[in-house]
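Here is the structure we will look at, set down as C-alpha cells.
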Amino acid sequence: MASVSSDKRVPFIAGNWKMNLDHLQSIAFVQKLAWSLKDANHDFAKTEVAVFPPFTDLRSVQTLISADKLELGFGAQDVSAHASGAYTGEIAAQFLKALDVRYVIIGHSERRQYHNETDELLAQKIAIAIENGIVPVICVGETAEDLELHGQSAVPVAQLRAALALAGGATNIVVAYEPVWAIGSGQAATPEQAEQVAEQLRLVVAEILGDEVADATRILYGGSVKSTNIAGFLRKPNVDGALVGGASLDIAEFASISQFRKHVGT
Ligand code: PGA
C-alpha cells in the first residue's frame with residue numbers, strides 16, 4: 001500500500017468552523033475533540049490537527065488549550081491587511097499573535113466571493129501574517145465556470161502566484177486547494193484531480209520561494225472531505241492534508257478524519 005504523503009512533511013488536518021459555534025460551544029467542542037483524539041491514541045507528531053474558530057472564540061480556545069496543555073493547534077479565519085488604526089470591525093495580526101494564534105486562513109472562496117477580496121488584498125494579508133509570525137493558510141480554487149473555461153489548474157495557479165506577490169523570503173506557509181464547486185456540495189474532487197493541481201501549486205511555491213520551501217510546504221485539499229474519502233487524498237504524494245468545513249463540526253467525524261492513517265493503513 002502506498003505510504004502517506006511525503007516523509008518530509010507532517011500531514012495537517014485543519015477544521016474550518018466558518019460562522020458556527022459560539023465561545024461556550026467552542027470550549028465544549030474542543031474538550032470533547034481532545035478526549036476523542038486521546039482515546040484514539042492520536043500522535044500529533046505524526047498528524048497535526050488544528051481548529052479554526054470564529055474570532056470571538058479564540059480567547060476561550062487559547063485558554064483551554066494552554067490550561068489543559070492540549071496538542072491541538074488553532075487558527076483564525078481571516079486577518080486585516082492593516083497593522084492598526086481606523087478600520088472598524090477589522091482584526092489585526094498582532095492581536096491574533098497575542099492570543100498565540102498559529103495559523104490564519106487567507107483567501108477562502110467565501111471571503112473572495114461575499115467580501116470581494118481581491119488578489120492584491122490577499123497578498124497584503126499574507127504579508128502581514130508572515131510579518132507577525134502567523135502561518136497563512138492560503139486558499140485557492142476554481143469555480144465550476146472556471147473549470148469549464150480554463151481547466152482545473154489555471155485559476156488556482158494564477159491565484160497562488162498573485163497571493164505570493166509580497167511573500168518573498170517566507171519560509172512557512174500552507175496552501176489549500178479548494179475547488180469552489182466542491183465546497184459544501186458533497187461532491188469532492190477526485191484524489192487524482194487534487195494531486196494534479198497540488199503538483200502545479202508546489203511548482204509555483206518553488207518558483208517564488210525556492211525548492212526547499214516548496215518541499216516543506218503542506219498543500220491541503222478542501223471541499224466535501226469526509227472520513228470516507230480522506231485516505232484517498234492523503235495517499236497522493238503532493239497532498240499533505242485537508243481543510244475540512246462541514247465535517248469539522250462533527251466531533252466523531254473530525255476525529256476520524258484526523259485519524260486517517262487508520263484508513264490508509266500506516
Ligand atoms: P466543506 O468546506 O468541507 O464543507 O466542503 C470546506 C471549506 O470551505 O473549507
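The values are calculated or read from the model by the stated rules, or taken from the named source; none is laboratory data. Since the model is a prediction, treat every value here as computed from it, not as a measurement. Note that we place each Cβ from the backbone using ideal geometry, even for glycine, and neighbour counts take in every protein chain shown.
Of everything listed in (1) outside any loop (DSSP other than H, G, I, E, B); (2) within 16 Å of the ligand (Cβ to nearest atom), the single unmet condition for Val30 is (2).
Among the candidates Ala165, Ala198, Ala252, Ala206, single out the residue that is over 22 Å from Leu21 (Cβ atoms), surrounded by fewer than 17 Cβ atoms within 10 Å (Cβ to Cβ), in contact (Cβ under 8 Å) with a residue 24 or more places away in the chain and away from the ligand (no atom under 13 Å from the Cβ). Steps first, answer last, please.
Values: Ala198 fails: surrounded by fewer than 17 Cβ atoms within 10 Å (Cβ to Cβ); Ala252 fails: over 22 Å from Leu21 (Cβ atoms); Ala206 fails: in contact (Cβ under 8 Å) with a residue 24 or more places away in the chain.
So the residue among Ala165, Ala198, Ala252, Ala206 that is over 22 Å from Leu21 (Cβ atoms), surrounded by fewer than 17 Cβ atoms within 10 Å (Cβ to Cβ), in contact (Cβ under 8 Å) with a residue 24 or more places away in the chain and away from the ligand (no atom under 13 Å from the Cβ) is Ala165.
When you scan region 33-43, do you find a residue that is in a helix (DSSP H, G or I) and under 26 Å from Ala216 (Cα atoms), even just one? Give the derivation first.
Kept after step one, since they are in a helix (DSSP H, G or I), are these residues of region 33-43: 33-39.
When the remaining residues are screened for being under 26 Å from Ala216 (Cα atoms), the result is 37.
Within region 33-43 (the criterion being in a helix (DSSP H, G or I) and under 26 Å from Ala216 (Cα atoms)), the answer is yes, since at least one residue qualifies.
Scanning region 236-246 for residues that are away from the ligand (no atom under 15 Å from the Cβ), of a type outside the set (S, T, N, Q) and crowded, with 20+ Cβ neighbours inside 10 Å yields Lys236, Asp240.
Only one of Thr217, Thr171 is under 28 Å from Arg261 (Cα atoms), surrounded by fewer than 18 Cβ atoms within 10 Å (Cβ to Cβ) and either in contact (Cβ under 8 Å) with a residue 40 or more places away in the chain or within 16 Å of the ligand (Cβ to nearest atom) (or both). Can you tell me which?
Details: Thr217 fails: surrounded by fewer than 18 Cβ atoms within 10 Å (Cβ to Cβ).
Being under 28 Å from Arg261 (Cα atoms), surrounded by fewer than 18 Cβ atoms within 10 Å (Cβ to Cβ) and either in contact (Cβ under 8 Å) with a residue 40 or more places away in the chain or within 16 Å of the ligand (Cβ to nearest atom) (or both) holds for just one of Thr217, Thr171, which is Thr171.
Of all residues in region 116-144, those that are more than 18 Å from Val101 (Cβ to Cβ) and away from the ligand (no atom under 16 Å from the Cβ) have Cβ atoms under 7 Å from Cβ atoms of residues that are part of a helix (DSSP H, G or I) and hydrophobic (A, V, I, L, M, F, W, C), 6 or more apart or on another chain, in Asp119/Ala162; Asp119/Ala163; Ala123/Ala162; Ala123/Ala163. Taking the criterion of being surrounded by 12 or more Cβ atoms within 10 Å (Cβ to Cβ) and within 21 Å of Ala182 (Cβ to Cβ), the residues of region 81-118 that qualify are Ile105, Ile106, Gly107, His108, Ser109, Glu110, Arg111, Arg112, Glu117.
Residues in region 176-191 that are under 18 Å from Phe12 (Cα atoms), in contact with a Pro (Cβ under 9 Å, 6 or more places away or on another chain) and more than 9 Å from the ligand (Cβ to nearest atom): Tyr177 only.
As an exercise: evaluate Asn229 against (1) under 12 Å from Pro156 (Cβ atoms); (2) within 11 Å of the ligand (Cβ to nearest atom) and give the number of the one condition it does not meet. Here Asn229 clears every test but (1).
Here Gly184, Gly151 are screened, and the one residue that is farther than 30 Å from Phe95 by Cβ, surrounded by fewer than 19 Cβ atoms within 10 Å (Cβ to Cβ) and more than 15 Å from the chain's Cα centre (by Cα) is Gly151.
Answer with yes or no whether Asp215 is over 21 Å from Lys46 (Cβ atoms), modelled with pLDDT of 95 or more and either of a type in the set (D, E, K, R) or out of contact with any Gly (no Cβ under 6 Å at 6 or more places or on another chain) (or both). The answer is no for Asp215.
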